[in-house]
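Undergrad: First the structure, which I've put down as structure tokens, then a few questions once you've had a look.
The values are calculated or read from the model by the stated rules, or taken from the named source; none is laboratory data. These numbers were taken from a predicted model, which means no experiment stands behind them. Cβ: placed from backbone, ideal geometry, glycine included. Neighbour counts: every protein chain shown.
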Amino acid sequence: MSRIALGVDVGGTKVLALAVGEDGTVFDSERVETPHVAERPAGDAAADAVMSVVTTLTQRNHWSLRDVVVGVGLPGMMSREGVLVFAPNLPTASGADLAAALRERSPEMRVLCENDADCAAVAEHRWGAARGHDDVVMVTLGTGVGGGIISGGELVRGRSGFAGEIGHMVVDAHGPRCPCGGRGCWERYASGGGVARLAREAAVAGRLPTLVRQYAGDADAVRGEDVTRAAAEGLPEALAVVDEVGWWLALGIANLAAILDCGVFVIGGGLSEASALLLPAAQRHLSSLVEGGSARPPLLVIPSKFGERSGALGAAALATQRLT
Ligand SMILES: [Zn+2]
């Protein structure tokens, strides 16, 4: 048997675990809903959920916990020591030392925790859409925007481990409030939540008359999904909103390209179902937003290969790399 790593991705809504071989082959998977229990110590419920998917996978496949390594991807600022220091989109685990909590539950288990989008970047770089490229930014569009930076073929971690928090790059200092406490963060425009907000704004401003009519004139009822669905069907007013989201996506990418000079942007996360329209829109706006757009080699904005599985896959890859 090739060595098996378990990769676990703890998201805002679900915990996904994959059993992954050294070449990226997925042998088995398991998922549960993410518990949000504020009454217990931070991260306790999340640790139980991780332990439950890990136990299910190992028992089902007759593996001992001693024989596997476990990587866990978490949303938020992960310190190099594995503490989830700040998690605006998973507040009940904010401040938790998940690795310690897991070792308490199972002392023989070898485990590491890392930021979920960093994990996704590793998976896409090693086995996926960014294979063969050494300067890459992974952008995960979900509840928020996560980021993982590969520079010169290596994951950029930063002094404390917090590098790549690209969703909280401020693109409008007077913009809407963000769960992080700031204003006008990129994720308020380019995430699933951002699409919902821009859709509602467009509806209230009278730019989505067909969709508002479907809700009997209630502009506040128009959701992000309505806009992406109508855009996929070719409704011009919805396409205009998707184009606006694409512009915001391109703006953040242009900023990152100016700083990092990376050539490939891999877009993943829950919103990537809308990528067939969103990515070409971002690509169209990019050359006019980035410094020296026509003077630099083309910047590629491409969809992730593994979609919502990239975080768990990369967590497994990192566990193999660092724990064996
Ligand atoms: Zn923010």
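Undergrad: Which residue out of THR92, THR58, THR140 is in contact with a strand residue (DSSP E or B) (Cβ under 9 Å, 6 or more places away or on another chain) and outside any strand (DSSP E or B)?
TA: THR58
Undergrad: Within segment 153-173, is there a residue that is farther than 13 Å from ASP116 by Cβ, within 9 Å of the ligand (Cβ to nearest atom), assigned to a strand (DSSP E or B) and charged (D, E, K, R)?
TA: Checked against the condition, which is being farther than 13 Å from ASP116 by Cβ, within 9 Å of the ligand (Cβ to nearest atom), assigned to a strand (DSSP E or B) and charged (D, E, K, R), segment 153-173 yields no hits at all.
Undergrad: Could you please find all residues in segment 183-193 being surrounded by 15 or more Cβ atoms within 10 Å (Cβ to Cβ) and within 14 Å of the ligand (Cβ to nearest atom)?
TA: Of the residues in segment 183-193, the ones surrounded by 15 or more Cβ atoms within 10 Å (Cβ to Cβ) are 184-193.
Matches in segment 183-193: GLY184, CYS185, TRP186, GLU187, ARG188, TYR189, ALA190, SER191, GLY193.
Undergrad: Can you tell me which residue is nearest to the chain's Cα centre (by Cα) among those in segment 137-154 that are surrounded by fewer than 24 Cβ atoms within 10 Å (Cβ to Cβ) and under 18 Å from ALA258 (Cα atoms)?
TA: Going through segment 137-154, the residues surrounded by fewer than 24 Cβ atoms within 10 Å (Cβ to Cβ) turn out to be 143, 149, 151-154.
After this cut, where a residue has to be under 18 Å from ALA258 (Cα atoms) as well, the list is 149, 151-152.
On the way: ILE149: 12, SER151: 18, GLY152: 21 Å.
Among those residues, the one meeting the criterion is ILE149.
Undergrad: When you scan segment 203-222, do you find a residue that is touching a Gly at 6+ places or on another chain (Cβ under 9 Å) and under 30 Å from VAL10 (Cβ atoms), even just one? Please lay out each step first, then the result.
TA: Our first condition is that a residue be touching a Gly at 6+ places or on another chain (Cβ under 9 Å); within segment 203-222, this holds for 212, 219.
This time we only want the ones that are under 30 Å from VAL10 (Cβ atoms), so: none.
Taking every residue of segment 203-222 in turn, none turns out to be touching a Gly at 6+ places or on another chain (Cβ under 9 Å) and under 30 Å from VAL10 (Cβ atoms).
Undergrad: Considering segment 204-240 alone, what residues qualify as being within 25 Å of GLY142 (Cβ to Cβ), touching a residue at least 12 places away in the same chain (Cβ under 8 Å) and of a type outside the set (A, V, I, L, M, F, W, C)?
TA: Hits for segment 204-240 are ASP220, ARG223, GLY224, ASP226, THR228.
Listed here are the residues, each with its yes/no results for (1) within 16 Å of the ligand (Cβ to nearest atom); (2) not in a loop (DSSP other than H, G, I, E, B).
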| residue | (1), (2) |
| --- | --- |
| ALA203 | no, yes |
| ARG207 | no, no |
| LEU211 | no, yes |
| GLY217 | no, no |
| ARG229 | no, yes |
| VAL241 | no, yes |
| GLY252 | yes, yes |
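Undergrad: Name the residues in segment 61-89 that are without any contact (Cβ under 8 Å) to a residue 60 or more places away in the chain and either part of a strand (DSSP E or B) or surrounded by 21 or more Cβ atoms within 10 Å (Cβ to Cβ) (or both), would you?
TA: GLY76, VAL83, LEU84, ALA87
Undergrad: Could you tell me whether ALA87 is closer than 22 Å to GLY158 by Cβ, in contact with a helix residue (DSSP H, G or I) (Cβ under 6 Å, 6 or more places away or on another chain) and of a type in the set (A, V, I, L, M)?
TA: Against the criterion (closer than 22 Å to GLY158 by Cβ, in contact with a helix residue (DSSP H, G or I) (Cβ under 6 Å, 6 or more places away or on another chain) and of a type in the set (A, V, I, L, M)), ALA87 qualifies.
Undergrad: ALA117: in contact with a Gly (Cβ under 6 Å, 6 or more places away or on another chain), within 16 Å of the ligand (Cβ to nearest atom) and either charged (D, E, K, R) or not assigned by TED's automatic domain parsing to the domain that holds LEU74 (or both), yes or no?
TA: On the way: in contact with a Gly (Cβ under 6 Å, 6 or more places away or on another chain): yes; within 16 Å of the ligand (Cβ to nearest atom): yes; either charged (D, E, K, R) or not assigned by TED's automatic domain parsing to the domain that holds LEU74 (or both): no.
No, not satisfied.
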